[in-house]
Amino acid sequence: SVPSVPSVPSVPSVSGVPGTTGLNPPAEPPIQLTPATIQSPLDELRKFAIKPAQIDVEQIKSLPAARRIIVSKNLRIMYCPIPKAANSNWKLLIRKYEGFEDYADLSIANDRAASGFTFLEDLSADEISGMLNDPDVLKFTFARDPYARTLSCYLNKFGNKDKSGEEYKIYMAQLYGWAWVKQHDLENEERPTFQQFVSQIST
């Protein structure tokens, strides 16, 4: 059986998802479109841009995020993908406009070695400094509601995966450890509930 886990606070329910209780969160009011909201938010974002004197390129290159940030000199963008926050779609689009014929193959887009992407850590300090200081280079990422992101991860990795598949085994090992996986028959084991999943990733 799935290891016992400590109790966690109730979370909003989602139809068909085990381990959720309570009420669905209230719907957010629709955004009122006005001339101010229709305008691109980029001009507002530029107000918060880091001044060149504050940029320590060597420190940036030493950060783990330098391995993650995708850079395209052709498209003049710097993009930091965040898992379960539309990162696969953006990788697909970047590869499409970079001219890759196999851009629609997400398995390639998500394979660091095969994707063809240039990452921030691949650039020299001068190249990084030049792109960071260039106002025409778009630097962006996407965030997502934490609950929706966690639920999406659960459904994708555990709720909808074939229990006999290798991917499911790997995800269960990431959740509980390989020692636990080797001691259990995953095909006949109950899937972890959403509440158990949340408890495991938060400990």
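The values are calculated or read from the model by the stated rules, or taken from the named source; none is laboratory data. No experiment lies behind these values; they were computed from the predicted model shown. Please note: Cβ atoms are built from the backbone with ideal geometry, for glycine as well, and neighbour counts cover all protein chains shown. Areas reflect the complete protein model, heavy atoms only, side chains present, ligands, DNA and RNA absent. Shrake-Rupley method; radii C 1.70, N 1.55, O 1.52, S 1.80 Å.
Tabulated data for the structure shown
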| quantity | calculated |
| --- | --- |
| Filter on 73/96; 96/169; 61/139; 91/139; 84/161; 91/161 - keep pairs with C-alpha separation over 21 Å | 96/169; 91/161 |
| log₁₀ of I(q)/I(0) at q = 0.17, 0.19, 0.20, 0.24 Å⁻¹ - region 93-184, Debye sum with one point per alpha carbon | -1.03, -1.09, -1.12, -1.19 |
| Reach of residue 163 by Cα under 13 Å, taken over aspartates and glutamates that are not fewer than 8 positions away in the same chain | 185, 187, 189, 190 |
| Nearest-10 value in Å² for the accessible area of residue 172, using the 1.4 Å probe | 0 Å² |
| Cβ-Cβ FRET estimate between residue 167 and residue 127, R0 fixed at 45 Å, reported to 0.05 | 0.75 |
| For region 58-110, the Rg and Dmax computed from alpha carbons only, in angstrom | 11.9, 36 |
